[in-house]
1. For A88, what is the net charge nearby, where nearby means another residue's Cβ is under 15 Å from its Cβ and Lys, Arg count +1, Asp, Glu -1?
2. Evaluate the relative contact order of the chain (contact order divided by residue number), counting alpha-carbon pairs under 8 angstrom at least 6 apart; express in whole percent.
3. Using a Förster distance of 25 Å, how high is the FRET efficiency between N87 and T53, based on the Cβ-Cβ distance and rounded to 0.05?
4. Among L16, F82, G94, whose Cα projects farthest towards the positive end of the dipole of the chain, with charges put on the beta-carbon of Lys, Arg (+1) and Asp, Glu (-1)?
5. When the helix-only estimate is applied to the chain (DSSP H runs of n ≥ 4, each -39,500 (n - 2.57), divided by the residue count), what is the mean residue ellipticity at 222 nm, nearest 500 deg cm²/dmol?
6. Once you place label points 7 Å from the Cα toward the Cβ at N109 and I78, how far apart are they in nm?
7. Would you work out the charge dipole size for the chain about its Cα centre, treating the Cβ of every Lys and Arg as +1 and the Cβ of every Asp and Glu as -1, and quote it to the nearest 20 debye?
8. One quarter of the convex hull surface, Cα atoms only: what value does that give for segment 9-110 in nm²?
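What follows draws every value from the coordinates through simple rules; no lab data is involved. If you're wondering where the values come from, they're calculated on a predicted model, not measured in any experiment. Virtual Cβ from ideal backbone geometry, glycine too; neighbours counted across all protein chains shown.
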Amino acid sequence: MKSEIYEISHLEGDLLYLFFSIGKNGIVPKVIEYECIDTDIYNLAFGDLDILTNSVNDNVVTNNGDTIKVISTVIQTIPLFFKIQPNATVLFTGSNATRTKLYNRILKNVYR
């Protein structure tokens, strides 16, 4: 099953993507960042864009009612990233155990 996704904008080379979550709490800018942590190993991080500090907040709970669409959007950037970094390995976990379980559940239910 394929889920709906948000439109993605590619920023700063191959490492940053931007999209906007639209839901019950308004329009929230989201950033997906691929950070090189070792030779050809990248951490996939995402969260709300803090416009005051221009940084990614991956601990905030947006609660915008679009979790599956947000996670699906994040997942859709992985093939785009691999087109630019074909030899890379990508690590993807939540910022805490609860989020990791949520992401696993979504992936199992949506991407069978």
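1. Net charge around A88: -4.
2. Result for the chain is 26 percent.
3. 0.15
4. Toward the positive end, the furthest listed residue is G94.
5. -9500 deg cm²/dmol
6. 1.8 nm
7. Its charge dipole is roughly 720 debye.
8. 6.8 nm²
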